[in-house]
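Remarks on the structure that follows.
No lab work stands behind these numbers, since they all come straight from the coordinates. Note that the structure is predicted; figures quoted are calculated from it, not measured. All Cβ positions, even for glycine, are placed from backbone atoms using ideal geometry, and neighbour counts span all protein chains on display.
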Amino acid sequence: MSVRSMSLRRYLLLGILLPVGVFVVINTVGLYRQALEAINTAYDRTLLASAKSIGEQLDVVGFEDGAVLRATVPYSALEAFEADTQSRMFYRVSSRSGTLVSGFEELPFWVGKIPDRGAYAALVDFYDDTFRGDPVRVAVLLQPVVSQTGRGMAVVQVAETLELRQTLTRKILFDTLWRQAVLVAVIALVAVVVVQRATRPVRRISQELQARPEGDLTPIAASHAPRELIPLVDATNQVMTRLQHLLDNQKRFVRDTAHQLRTPLAVLKTQVQSALRGDVESRQALLEINDTVDRATTLANQMLSLAKVEQLRQQPDSAANDLSGLVRSVALEMSPLIAAKDLEFDITTEPAPVQSHEWMLRELTRNLLHNAIKHSPSKGVLSVRVITDATSVALTIADNGPGVTAELQNRLFQPFSAGDMHSGSGLGLAICREITQALGGSVSLENREVHGRIAGLDATVRLPLVQNESS
C-alpha cells in the first residue's frame, strides 16, 4: 500500500510503532549482550578462583629450569566452584614447558599470551575451546610457586562446560524479550488509543460532510476542532465559498439567459411569421428582423462577457498591463462610432500599470466608452482621462449627455437595468462593476453640473496601481 492511499490512522500508527519497534529490537540486542558479558565476567571470576585454589596446593623442588613441580589436587577441590550439576569442570597443571604435573592430560596445553592489561590482579588469560566434544571456557593462571626447597612457575588451566552459562543466557534473553514484548504491547495500545482520539475530529467532520445533501456547500462548523485542523477547515470553507459563488453565478447566468433570450427569440419568430404572411413588405420585415438579431447578438455577447469576468476572477493573477495604452487602443477601435456622431473627442493619459487580464481592461473601457458615445448628443464633447496618484489610477470618461437621475443612478449597475431598454440590454454597466470589483477597484457615475444645470455625466473607475518594486 502506498503512502498516498494509507489512512491517517495507519500512517500515525506506523510512524509511532515502527521507530519504537526498531528501538526495542536494538535495545533488546544491547541488553542481551550486556547480560552475556556480565554472565561471562561472573563465571570467569569463578574459574579464576578455581585456578588460584589449585595453585595454592602446589609445591616445587629445585630452582628455575631445574625446578620440579608437585601437585596433589583431588577433583573434589573443584566441587566447591561448580554451581550445580549442569556444568562440569576440568583442570590441568603444567610446567612452563608444557609438562603435565596433574589433571587431565587430554586438556590442550595453553599456547596463548597473557594480556598486557588484564581485568584482574593476576597473570590470567581466558579463552574458549573444545574439550571432549563440548565447548568450554578456560582460565589460564601463571602461578609462581615458592617453597623452602625451590622456586618455579606453574601453568594452571581450569575449564568449565557452558551448559549453565547457556541456560542462564537463554533465561535472561527470554525474560528480556518478554518484558520488551509487554512494553511494545503497552506502547501499541497507548498509540492506538491516542491516535483514535486524535483523529476523532477528522472522522466527525468526514461523517458530517458525507451526510450532507447534494449541493450543500455551507461552511463546516468545527469550533471544537484541534488547532492543527483549523487551517484545513478554514481553507476548505474558503474553497466551498468560492464553489458556492461559482454555482450561484452559473445558476444566475442560466436563469438570466433563459429569461432574457426568450423575448428577442419570440419577437424574431413573430416577425418571421408576419413576413411569411405578407403583413409587411419584405424589406421592412428584413430590417426589423435584422434589428432584433442585432439586439439578441449584443445581449448574448454581453452575457458571455459577464460570465467570462467570473471565470477570469478565479484564475491566478496576471501580469501588469498599461491601462493608458489599452484605453487608446480601444478608443481607436471605436473611432468610427465617434466619427459617426461627429463628436469632439479628447484623450489624455499617462503610464498606469494595473495588475489585470488585458481582456478585462479592454472590456471595461469598451463598455464605458460605448455608453458615453451612445448618450452623447451629435456634435457633442467626449473626453477620456487616465490620471494616477501614489496608489491608484483613475479612468474618467466624460460626456455632455443628459446625465442620470438619482433613482436610476442607484440601479444602473444591476444586471438588465438600463435607462432605455429599447436601446440596450442593461448589462454594460453590470459588466463594468463586476470587472472593477474583481480588480479590487470601484466605478461610479456622477452628473457634472455647470451653473446649476446638468452638463454631462462622468463615469470614473479607480483601480489599484502596480507599485514599483524599487520604491
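With a cut-off of 8 Å between alpha carbons and a minimum separation of six or more residues, what is the relative contact order of segment 11-171 in percent?
On the way: 240 pairs, mean separation 44.4, N = 161.
Relative contact order for segment 11-171 comes out at 28 percent.
Once you sort the root eigenvalues of the Cα gyration tensor of segment 129-196 as a ≥ b ≥ c, which label holds: rounded (a/c under 1.5), prolate (a/b larger than b/c) or oblate (the other case)?
Verdict is prolate for segment 129-196.
Taking 0.36 nm per intervening residue step and subtracting the Cα-Cα distance, what contour gain separates Arg242 from Ile289 on full extension? Please list the in-between numbers first.
Numbers: separation 47, 0.36 × 47 = 16.92 nm, distance 4.10 nm.
Taking Arg242 through Ile289 to full extension adds about 12.8 nm, to one decimal.
For Ala225 and Thr199, calculate 0.36 nm times their separation in residues minus their Cα-Cα distance, and state this gained length in nm to one decimal. List each step's numbers first, then the result.
Details: separation 26, 0.36 × 26 = 9.36 nm, distance 1.02 nm.
Stretched fully, the Ala225-Thr199 segment lengthens by 8.3 nm.
Please list log₁₀ I(q)/I(0) at q = 0.13, 0.14, 0.15 Å⁻¹ for segment 320-464, using the Debye equation with identical point scatterers on the alpha-carbon positions.
For segment 320-464 at q = 0.13, 0.14, 0.15 Å⁻¹, log10 I(q)/I(0) is -0.54, -0.63, -0.73.
Starting from the exponent 0.38 and prefactor 2.2 Å, build the expected Rg for segment 11-171 from its residue count and divide its actual Cα Rg by it. Spell out each step's value before the answer.
Details: Rg = 20.6 Å, N = 161, 2.2 N^0.38 = 15.2 Å.
Rounded to two decimals, the normalised Rg is 1.36.
Below 8 Å, C-alpha to C-alpha, sequence gap of six or more: please give me the relative contact order for segment 320-464 in percent.
Working: 269 pairs, mean separation 33.0, N = 145.
Taking the mean separation of contacting Cα pairs over the length of segment 320-464, I get 23 percent.
Would you mind putting 161-174, 335-348 in packing order, based on average other-beta-carbon counts within 10 Å, highest first? Don't jump to the answer; show the numbers that get you there.
Working: 161-174: 15.1, 335-348: 13.1.
Sorting 161-174, 335-348 by mean packing, highest first, produces 161-174, 335-348.
Relative to the present Cα-Cα distance, how much length would full extension add between Val381 and Leu177 at 0.36 nm per residue of separation? Don't jump to the answer; show the numbers that get you there.
Numbers: separation 204, 0.36 × 204 = 73.44 nm, distance 9.76 nm.
Roughly 63.7 nm would be gained on extension.
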